[in-house]
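Have a look at the structure below before the remarks.
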Amino acid sequence: MTGNASAEETNEQLTEEYQVNWDDARENTEESDDSVDFGASSNSNSARASKWGDLASGKTALSPTTKTITSEGTTKGKIISTVVSATTSIRNANLSLTKNGSKKIAIGKLTATSEAALGRNSSSNVYTGLTIHTATNSGVLYEARTTKSNAY
C-alpha cells in the first residue's frame, strides 16, 4: 500500500510543480488539434507526449456569450494511477489581449477543467483557446496541447 501511495504523491508533486511556458506554447499552436489522446502507461524514457496515448485525453472548447468568450480546457485521466492537469489560455490576436486560466488538477479517471475568459468586442475578432495538458504516471510527466480558434 505505501508503494502506491508514494507513487501517487510523486505524480501529484510532478504535476503541481510543472509550469507552463506560455511563450513557447503559443509558438507551436498551428500543429495542435482541438482534442488529443496522450501518454503511455508503461514507464518510458520520453517525458514528451506522443500524439497517441492511453493515460489521458484533452480538449479545448470556446464558448461565446453576448459579453465574453471563454476557453475551457479539460484533461480526463484514463487510468486510476494517473494525475492529470489542464491549464488554458485565451487570446484575441487582433487586440493583443491574452488571459491565462489557473492550473486545475485531477487524480485517476476524473477530469481537470481550467477556464479563462476575455470580454467580447463589438467587431468580429479571432479568439484562440490554448490548453496545456499533462498526465503523470510512474514518475513520468507527459505533456500535450490542444487549440481551438473561431471568429466572434
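Can you check what the net charge comes to around Ile107, using other residues whose Cβ is under 15 Å from the Cβ of Ile107 (Lys, Arg +1; Asp, Glu -1)?
Working: positive: Lys76, Lys78, Lys103, Lys104, Lys109; negative: Glu8, Glu9, Glu12, Glu16.
Computed value for this residue: +1.
Rounded to the nearest 10 degrees, what's the angle between the helix 2-17 long axis and the longest principal axis of the chain, both from Cα atoms, 0 to 90?
30
Starting from the Cα-Cα distance between Val126 and Ser96, subtract it from 0.36 nm times their residue separation and give me the gain in nm to one decimal. Present the calculation step by step, with values, prior to reporting the outcome.
Details: separation 30, 0.36 × 30 = 10.80 nm, distance 1.08 nm.
Fully extending the segment from Val126 to Ser96 adds 9.7 nm.
Got a sec? Charge dipole of the chain, +1 on Cβ for Lys and Arg, -1 for Asp and Glu; which of Thr66, Ala144, Leu55 is way out at the positive end?
Thr66
Using unit Cβ charges (K, R positive; D, E negative) and no other charged atoms, how large, in debye to the nearest 20, is the dipole of segment 14-143 about its Cα centre? Please list the in-between numbers first.
Values: 13 positive and 14 negative charges, 89 e Å.
Using only the charged Cβ atoms, the result is roughly 420 debye.
First select every other residue whose beta carbon is under 9 angstrom from the beta carbon of Ser57; then total the charges, Lys and Arg +1, Asp and Glu -1. Numbers along the way, then the final one.
Values: positive: Lys59, Lys76, Lys78; negative: Asp37.
Counting the neighbours of Ser57, the net charge comes to +2.
Select one label from [x] 10, 26, 16, 10, 12, 14, 9, 2; [y] 13, 42, 29, 13, 3, 0; [z] 12, 44, 36, 8, 0: the one whose number is P(r) over Cα pairs in 10 Å bins from 0, in percent as derived from the coordinates shown.
Label of the calculated value: [y].
Which percent of Cα pairs goes in each bin when the distances of segment 79-152 are cut into 10 angstrom slices starting at zero?
For segment 79-152, the pair-distance distribution reads 20, 42, 23, 13, 2.
What are the ³J(HN,Hα) values, in whole Hz, obtained from phi via the Karplus relation 6.51 cos²θ - 1.76 cosθ + 1.60 with θ = phi - 60°, for each residue of segment 105-110 in sequence order, with x given for Gly and Pro?
For segment 105-110, the Karplus-derived couplings read 10, 9, 10, x, 8, 7 Hz, x marking Gly and Pro.
None of the figures in this text is laboratory data; all of them are computed from the coordinates on show. All of these numbers come straight from a predicted model, not from anything done at the bench. All Cβ positions, even for glycine, are placed from backbone atoms using ideal geometry, and neighbour counts span all protein chains on display.
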